Amino acid sequence: MTRLRNAKRIVFKVGTSTLTYATGKTNIRRMAKLVSILSDLQNEGREIVLVTSGAIGVGVGKLGLKERPKDTPGRQAAACIGQCELMFMYDKFFSEYSHTIGQLLITKSDVENEERRNNLINAFDTMFAYGAIPIVNENDSVAVEEIVYGDNDSLSAIVAKLIHADALVILTDIDGLFDGNPHEDPDAKLIPFVDEITPEIKALAGEAGTSRGTGGMITKLNAAEIAVNAGIDTVVMSGTDPREIYKLFEGHQTGTYFKGKRSDDGIS
């Protein structure tokens, strides 16, 4: 875990199910605690990026809808409304710790197009130089393809690769990767370390996911695969108690650790 303790540039991803209650309303206490810890890590001298889901979910709560819209225009509208609320809350919480944030709404074409990709990299680098914390989300209000097919787990890995991050931490509603379905099998055991993401490992992912989010464990494994192949250490862990993040960067085993493929693989 030495590499995690020494990680300087870290991408955190937080999902809708972690940010909201089953009612669809924002889990203010958890969001506030997460922000305080990320602010503290930034104070340590680390560079923090937060990839956040939740725009559609928060929009649904803001609008008082009974459920997430099933049609794409409905989800786009919810995303427009929810993104404003989400960034307002992040700005309020981070400003309490004297940290400035900046919003980046990204689509697949922004990464695939060379000129736009370079512009993105320049924006990230300059924000780091200014000491600001980038808050990233998919541009769900205009990128229909992302709403239908995409997920922020993969986006977080792509961002981590783009900015040459040292580590990626995916916060979810489960403790990590298990050798069975922990919701159905009380004897399922957490897998603390994965050296290589094989078809057998992917087969353990099942079909997790919630009505409030779009992903599941398989999307987190796909994201981990992107990241570790780029040499980025990745951890999938529960975001239920954000204080566990401290333990992770103090060298304690937390969640499932996927080792990035680097030339210094002799170091653990």
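The values are calculated or read from the model by the stated rules, or taken from the named source; none is laboratory data. Since the structure is predicted, the reported quantities are computational estimates derived from the model, not experimental observations. Glycine also receives a Cβ, built like all others from the backbone with ideal geometry; neighbour counts cover every protein chain displayed.
Values for this structure:
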| quantity | calculated |
| --- | --- |
| Pairs with Cβ under 7 Å, 6+ apart, first in the stretch 165-179 and under 18 Å from SER154 (Cβ atoms), second of a type in the set (Phe, Trp, Tyr) and part of a strand (DSSP E or B) | VAL169/PHE12; LEU171/PHE12 |
| Residue match in the stretch 205-226 (condition: at pLDDT 95 or above, in a loop (DSSP other than H, G, I, E, B) and not aromatic (Phe, Trp, Tyr)) | no |
| Subset tally (residues that are crowded, with 24+ Cβ neighbours inside 10 Å and modelled with pLDDT of 95 or more) for the stretch 13-30 | 2 |
| Residue match in the stretch 173-191 (condition: at pLDDT 95 or above and basic (Lys, Arg)) | no |
| Residue tally, condition assigned to a loop (DSSP other than H, G, I, E, B) and of a type in the set (Lys, Arg), over the stretch 187-203 | 1 |
| Residue in the stretch 156-168 that is at pLDDT 90 or above and assigned to a strand (DSSP E or B) present | yes |
| Count of residues meeting criterion [outside any helix (DSSP H, G or I), modelled with pLDDT of 95 or more and surrounded by fewer than 15 Cβ atoms within 10 Å (Cβ to Cβ)] in the stretch 110-154 | 1 |
| Of residues in the stretch 257-267 being over 13 Å from GLU225 (Cα atoms) and touching a Gly at 6+ places or on another chain (Cβ under 9 Å), the one modelled with the lowest pLDDT | SER263 |
| Test for GLN103: is it out of contact with any strand residue (DSSP E or B) (no Cβ under 7 Å at 6 or more places or on another chain) and touching a residue at least 24 places away in the same chain (Cβ under 8 Å) | no |
